[in-house]
Amino acid sequence: MRTAEVRRTTAETDITLALCLEGGECAVSTGVGFLDHMLTLLAGHGRFGLRLTCRGDTNVDFHHTTEDVGIALGQAFRQALGDKRGIVRYGSFILPMDEALVVCALDLCGRCSLVYNVAIPTQKVGDFDTELVQEFMLGFCRSLECGLNFQQLSGSNSHHIIEAMYKGLGRALRQAVAIDPACPDAIPSTKGLL
């Protein structure tokens with residue numbers, strides 16, 4: 001079982017996270033309802049076990065909580081993957097969510113890049129600032145050290161676009177972290193290191 005436990009405490013947030021790549025229960029409580037919803041979708045579509053709590057300065061706004069949860073989740077995936085021996089490494093998914101269509105592609109390469117070609121039409125979904133989606137994804141890919149690419153092909157509803165992104169990320173991660181039965185003991189790189 002590939003698992004990780006992360007504790008991240010700053011002056012702005014206190015996060016406790018447990019992740020299991022092979023599945024398990026999902027229980028998320030960040031104090032930000034929309035973020036909880038998106039993380040539950042990510043874990044469900046990735047078939048990951050995720051237990052996460054965050055106490056943050058949400059009285060200020062949701063920025064620190066959202067960004068720090070992205071950082072902690074990336075750290076957990078990196079820890080659970082170890083040296084990445086045997087993984088498929090690459091994952092991609094085209095996810096339709098009503099009128100929205102979003103491509104998510106990633107490479108667990110050990111380097112960080114985020115390509116974010118997404119146009120979310122409103123500044124908020126409920127009380128959640130939609131610009132924080134990019135902050136979450138940037139924190140996530142920096143701490144996981146992956147190449148992460150989002151391309152929005154269509155969409156006019158902000159909730160649908162964001163939901164397609166998180167579900168697509170879960171499904172792309174599920175592909176990328178899977179063990180390749182053809183070479184379960186190999187590092188998936190011609191360099192021999194990721």
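Where a number appears in this text, it was derived from the coordinates with a stated rule and is not lab data. Just so it is clear, the model here is predicted, and its values are computed rather than measured. Don't worry about glycine lacking a Cβ; one is built from the backbone with ideal geometry, like all the others, and counts go over all protein chains shown.
Miscellaneous remarks
- Cβ-Cβ under 6 Å pairs, at least 6 apart or on other chains, segment 42-61 side outside any strand (DSSP E or B), far side among the aromatic types (F, W, Y): L42/Y166
- Matching entry among E67, E5, E25 (being among the acidic types (D, E) and buried (at least 17 other Cβ atoms within 10 Å of the Cβ)): E67
- Taking the criterion of being of a type in the set (F, W, Y) and farther than 19 Å from C141 by Cα, the only residue of segment 33-61 that qualifies is F34.
- Cβ pairs under 7 Å, 6+ apart, first in segment 123-147 and free of Cβ contacts under 8 Å to residues at least 40 places away in the same chain, second of a type in the set (D, E): Q123/D129
- From the list F34, F93, the lone residue that is farther than 30 Å from P184 by Cα, touching a helix residue (DSSP H, G or I) at 6+ places or on another chain (Cβ under 9 Å), touching a residue at least 40 places away in the same chain (Cβ under 8 Å) and aromatic (F, W, Y) is F34.
- Breaking point among (1) touching a helix residue (DSSP H, G or I) at 6+ places or on another chain (Cβ under 9 Å); (2) in a strand (DSSP E or B), for A72: (2)
- The sole residue among V60, V28 that is at negative phi, touching an Asp or Glu at 6+ places or on another chain (Cβ under 6 Å) and hydrophobic (A, V, I, L, M, F, W, C) is V28.
- Any hit, segment 174-183, residues being basic (K, R) and out of contact with any His (no Cβ under 8 Å at 6 or more places or on another chain): no
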